[in-house]
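After the structure tokens below, expect a handful of questions from me.
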Amino acid sequence: MIRLYNQGAYLIGDKVISCEEDDSKVKSILGKRYISKEEAKKNTIAYSILQNHNKSRDKRRLEIKFDALTSHDITYVGIIQTARASGLEKFPVPYVLTNCHNSLCAVGGTINEDDHLFGLSAAKKYGAIYVPPHLAVIHQYMREMMAGCGKMILGSDSHTRYGALGTLAIGEGGGELVKQLLSQTYDISYPEVIGIYLTGKPQKGIGPQDVALSIIGKVFKNGFVKNKVMEFVGPGVENLSVEYRNGIDVMTTETTCLSSIWKTDGKVCDYLELHGRKRDYKELNPGNVAYYDGMVCVDLSEVKSMIAMPFHPSNVYTIEEFNANLYDILDKVEKDAWKRMSNKDLKFSLKEKVRNNRLYVEQGCIAGCAGGNYENVCEAASILKGKSIGDDEFTLSVYPSSQPVYYSLSQNGIAAELMQAGAIVKTAFCGPCFGGGDTPANNSLSIRHTTRNFPNREGSKPNEGQLSYVALMDARSIAATAVNMGFVTAATDIDANYNIPKYYFNKAIYDNRVYNGVGKANSGEALRFGPNIKDWPEMEAITDDVLLQVTSVLLDPVTTTDELIPSGDTSSYRSNPYKLAEFTLFRKDPGYIGRSKKIQAAEKRRMEGLSPEENNSELKSAYEKLSARFNDFNKENTLLGSTIYAVKPGDGSAREQAASCQKVLGGFANISREYATKRYRSNLINWGILPFIIKDEAEFKCGDFVYFKDITSSIRERKPEIKGYLIGDGIKEISLSVGELTDDEIEILLSGCLINYNKNKMNK
């Protein structure tokens, strides 16, 4: 079904030639038409788009300016506040502010609507597009109104993917959007490009989530596409509708790739024309001879109905395999989950849900940028037509991805069919995807056509004795499961007459409600602040000598950003750095906040000229050991802060809060074996947090200290190895690195954060 070529491959027309040893085969095929790998790399679709947006003269060191930006209401307040503190006057590119995440208020009274009114006032003051709550989820609006062939879009949500529409889009933390708002560039080495070669046609009942999960299962754990561009080519593309392509494309984020791009055709042209934007179409194809750094070959006809078990989209099985090996798979999931749990008192059992050798689930959700698309909803409704989901525990919620989609579903009767079957049809909202809505009951399992199923992302709170969990499935198999009253069923096991009525896009819904202030900035407009909206605190610049206490040790193979800073109701405090920081790691390591605050308090005492070690026996002991080892050790000149150790942190969301909350609590470094994503590492840098890599196995314990002498020189001189001293029972020398840094990234780190960096530039 899926084959990987990890040594690179040529695409000659529609034929893939592997280069596992050398390219002699290519030479024999092309003869005089042969071109080198380096030249053939320039014939990918990605190459031309990246270079067209590259402001650097160096084609290998890219300095990108994007055509548009987008943020939702978890992130845009912090971004605008950062940009304001850095000298923002007006938005230089179209910036879309959507309100699809914290549209519902779980806690905090007025704070969500306060943020929304801040967003509207910012759109008027600086010149932006403001999409009110429940009108569209972020990525559906961008597909309908902004994406176009050959464009590049940067979003502060990790699922910023519009490759199927010919847009190379990237999801990053807020700091990278701030740079664009200040007319700076997105700096990155030219990424490798991996071809995703599609052949065949999906079977009846197979949806885009099935295809996406199949690919994720093959490429996530081995890092095959990590920080690379996935380029979808091959004859199978033409067998997929644009909405189907969108459904696959948005899930590429879960592979940890940098971005994605697809070849385009008449179907894309029709899609853009339907949305009044035919001018944004142009045909995109790789050249006659294109070279890819790797190739993933997918036969769409062999894809089966899939399920991704908790707690990651890569934990995939065919539903056929799952049902045939039910107890073995559930036992494995339970054991893996137990290893991840910080609260060992939690009850966790999936095997209890087996009834008559079938797995029973309590909830189904079809929602958001992945599941709520028109075709997904129509085909789910086709399965449910004339049937019932029953009156037991199982519930089904459907969230169309935008109000125009909902309007069309209402006009053609599809919404009515869903309601009659027992499904609840709701407005455009990302809640089920990030833990802001439809949180299942304790010890319940939800099947969802959404993007992620990380631990507690569905909204449960293990610190309060709660645990629920999510398995990812395609909308069609969720509907098939609903027909069988909650027993997991593949859509391919259901004989359905699929009906997708013609879609009519009603642009008037947006024309009558969306505020479009692009090019109409009004500097006299006052920003509207609610009582929860706070400025960023002052950030310290790093000093030559630094002493960092290890305040959390995370030994899981991967640590997600949802574990670093939980989503869901905690995100209601997104506009208050102090309150939000109180949730840092609180589900994964509840003791982290107290430990970090303790060493932060010591640093405040040092800055005030007082004795830092007062009431801190651990720090006093570290000082004594350092004084005995180093004759020139001076506690008065040594910055104090915290660090975490994690094996592989940063998978998942682009939310910068995973880094900024650490900095608010006095964090100055992360130490890891590797970083799961480029975006998390960038977030660390933009908040002045040193992104250390260590090659050796972890020897860190909570309470240990790490000491660095003259760290600023090491950073500025780009030393490949930085010497540190691990202080536990004794002192041990360790070797770390910070990896490759641009000139600007060095200055950002040494300044203490991006805000300080820009203030320093303004003051020069």
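Of the conditions (1) assigned to a strand (DSSP E or B); (2) in contact with a Lys or Arg (Cβ under 7 Å, 6 or more places away or on another chain), R3 satisfies every one except a single condition; which number is it?
(2)
Given the conditions (1) assigned to a helix (DSSP H, G or I); (2) aromatic (F, W, Y); (3) within 27 Å of L330 (Cβ to Cβ), report the number of the one that F454 does not fulfil.
Against the list (1) assigned to a helix (DSSP H, G or I); (2) aromatic (F, W, Y); (3) within 27 Å of L330 (Cβ to Cβ), F454 comes up short only on (1).
Here's a follow-up. Does the range 620-629 contain at least one residue that is touching a helix residue (DSSP H, G or I) at 6+ places or on another chain (Cβ under 6 Å) and either basic (K, R) or closer than 18 Å to D710 by Cα (or both)?
yes
Here is a list: G236, G247. Which entry is at pLDDT 95 or above, surrounded by 24 or more Cβ atoms within 10 Å (Cβ to Cβ), not in a loop (DSSP other than H, G, I, E, B) and not assigned by TED's automatic domain parsing to the domain that holds H139?
G247
Also: Looking only at helices (runs of 4 or more DSSP H) that fall completely inside the range 608-691, which ones have 3 or more residues that are under 39 Å from the mean Cα position of the chain (by Cα) and closer than 13 Å to L564 by Cβ?
657-664, 678-686
What's the number of the condition D744 fails, among (1) closer than 22 Å to S156 by Cβ; (2) surrounded by fewer than 24 Cβ atoms within 10 Å (Cβ to Cβ); (3) within 22 Å of the chain's Cα centre (by Cα)?
With (1) closer than 22 Å to S156 by Cβ; (2) surrounded by fewer than 24 Cβ atoms within 10 Å (Cβ to Cβ); (3) within 22 Å of the chain's Cα centre (by Cα) applied to D744, the lone miss is (3).
Could you check, for the range 281-297, whether at least one of its residues is in the same structural domain as A475 (by TED's automatic domain parsing), hydrophobic (A, V, I, L, M, F, W, C) and in contact with a helix residue (DSSP H, G or I) (Cβ under 7 Å, 6 or more places away or on another chain)?
Within the range 281-297, not a single residue is in the same structural domain as A475 (by TED's automatic domain parsing), hydrophobic (A, V, I, L, M, F, W, C) and in contact with a helix residue (DSSP H, G or I) (Cβ under 7 Å, 6 or more places away or on another chain).
Quick grid of which residues meet (1) surrounded by fewer than 20 Cβ atoms within 10 Å (Cβ to Cβ); (2) part of a loop (DSSP other than H, G, I, E, B); (3) touching a residue at least 40 places away in the same chain (Cβ under 8 Å):
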| site | (1), (2), (3) |
| --- | --- |
| Y504 | yes, yes, yes |
| R513 | yes, yes, yes |
| A521 | yes, yes, yes |
| R528 | yes, yes, yes |
| A541 | yes, yes, yes |
| L547 | no, no, yes |
| P557 | yes, yes, yes |
| T584 | no, yes, yes |
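Could you pull out the residue among V333, V289, V354, V361 that is within 27 Å of I261 (Cβ to Cβ) and either modelled with pLDDT under 95 or of a type in the set (A, V, I, L, M) (or both)?
V289
Can you tell me which residue within the range 626-669, out of those that are among the polar types (S, T, N, Q) and under 29 Å from D157 (Cβ atoms), is modelled with the lowest pLDDT?
This residue is S653.
Moving on. Six or more apart or on different chains, Cβ under 9 Å: which pairs go from a residue in the range 23-51 that's closer than 17 Å to T264 by Cα to one that's assigned to a loop (DSSP other than H, G, I, E, B) and among the hydroxyl-bearing types (S, T, Y)? Could you list them?
I45/T264; Y47/Y190; L50/Y190
Report whether or not K732 is surrounded by fewer than 21 Cβ atoms within 10 Å (Cβ to Cβ), in a helix (DSSP H, G or I) and not aromatic (F, W, Y).
No; evaluated as a whole, the condition is false for this residue.
In the range 273-368, which strands (runs of 3 or more DSSP E) lie fully inside it and hold 1 or more residues that are small (G, A, S)?
289-292, 294-299, 306-308, 363-366
Hey, D58 hits all of (1) over 22 Å from F224 (Cβ atoms); (2) touching a helix residue (DSSP H, G or I) at 6+ places or on another chain (Cβ under 7 Å) but one; which does it fall short on?
(2)
Given the criteria buried (at least 24 other Cβ atoms within 10 Å of the Cβ), touching a strand residue (DSSP E or B) at 6+ places or on another chain (Cβ under 9 Å) and in the same structural domain as G8 (by TED's automatic domain parsing), does G163 qualify?
Here the answer is no, as G163 does not meet what is asked.
Could you run through the range 408-429 and say how many residues are assigned to a loop (DSSP other than H, G, I, E, B) and either of a type in the set (G, A, S) or touching a Phe, Trp or Tyr at 6+ places or on another chain (Cβ under 8 Å) (or both)?
Number of matching residues: 7.
Also: Would you check if there is a residue in the range 143-156 being within 29 Å of E302 (Cβ to Cβ) and either assigned by TED's automatic domain parsing to the domain that holds T98 or crowded, with 24+ Cβ neighbours inside 10 Å (or both)?
Yes: one or more hits.
If we keep just the residues of the range 386-423 that are of a type in the set (D, E, K, R) and without any contact (Cβ under 8 Å) to a residue 40 or more places away in the chain, which is surrounded by the fewest Cβ atoms within 10 Å (Cβ to Cβ)?
D391
Which residue, of F692, F708, is at pLDDT 95 or above and surrounded by 24 or more Cβ atoms within 10 Å (Cβ to Cβ)?
F708
The values are calculated or read from the model by the stated rules, or taken from the named source; none is laboratory data. Just so you know, these numbers come straight off a predicted model, no measurement behind them. Because the Cβ atoms are built from the backbone with ideal geometry, glycine has one as well, and the counts that use them run over all protein chains shown.
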